[in-house]
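Working notes, beginning with the structure itself.
The values are calculated or read from the model by the stated rules, or taken from the named source; none is laboratory data. Just so you know, these numbers come straight off a predicted model, no measurement behind them. Counting neighbours? That spans all protein chains shown, and the Cβs are built from the backbone with ideal geometry, glycine included.
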Amino acid sequence: MKIIVFSLLICIGSIVIVEENYAQDKGDGAIDKLVDKAELPVPKEEKQLFYLQRDPNTNTVIYTLNMEDGKIDEDQPVKAHWIRYAEGGKRTDLSFIQRKFAYGVHHTKTGDRSFDIRLQAYKDLEISVKFNSQKDKYQAYTAIDNKEIVLERIFVRIDGGSYFKPNVRYIEVLGYDPLTKSKVSQRFSPK
């Protein structure tokens, strides 16, 4: 038991050391180290479904389709990993805590070649991953104003809080209309 607790403390300590500090409110209303969305990189990973970016840096979580021998792995259809742009573009796996409490996904099979996935930190955002036969590939979808869009990006604006309880000012979902190809976005405050 002592070894497990010690290992968990080491793991948590490593996360805190590796992960940069969240933006902090200086008390005068100015937010320190907020990243302008226009300055953020746009990743293009193999089998990428969508990606998530947040304050205070350019590091990005990529959500990819998990394929094994040309077929989707139904036990884990979506995987997530970091591109740590702030560290020269290094790719790393999510830590145990990040998978279980923040950036990991929970999935439910909803039909033949379709899955409902939820991000651990915000399960109210409904995302479906399903096969698009016209494009001959899987895509991630969500709804904006009761209309289904192809999900490309999630941006989370953080303005303070702590590592385990950041103060999320808003979440912005961006994608495009699958029929018109026009870009669509929606910003909302989490519940």
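General observations
- Top-ranked residue in segment 91-125 [being among the hydrophobic types (A, V, I, L, M, F, W, C) and not in a loop (DSSP other than H, G, I, E, B); ranked as nearest to ILE171 (Cα to Cα)]: LEU125
- Yes/no for THR92 being in contact with a strand residue (DSSP E or B) (Cβ under 6 Å, 6 or more places away or on another chain), without any contact (Cβ under 8 Å) to a residue 40 or more places away in the chain and more than 16 Å from TYR63 (Cβ to Cβ): no
- The set of residues in segment 60-84 being within 15 Å of the chain's Cα centre (by Cα) and either without any contact (Cβ under 8 Å) to a residue 24 or more places away in the chain or farther than 17 Å from ASP116 by Cβ (or both) consists of THR60, VAL61, ILE62, THR64, LYS79, HIS81, TRP82, ILE83, ARG84.
- With respect to the conditions (1) among the polar types (S, T, N, Q); (2) in a strand (DSSP E or B); (3) modelled with pLDDT under 95, GLN134 falls short on a single one, namely (2).
- Selection count, segment 151-191, where residues are basic (Lys, Arg), surrounded by 14 or more Cβ atoms within 10 Å (Cβ to Cβ) and part of a loop (DSSP other than H, G, I, E, B): 0
- In a residue-by-residue description of segment 11-26, the property of being on the phi > 0 side of the Ramachandran plot, at pLDDT below 95 and loosely packed, with under 13 Cβ neighbours inside 10 Å applies to no position.
- Looking only at residues of segment 92-139 that are touching a Ser or Thr at 6+ places or on another chain (Cβ under 7 Å) and among the acidic types (Asp, Glu), we find that the one that is surrounded by the fewest Cβ atoms within 10 Å (Cβ to Cβ) is GLU126.
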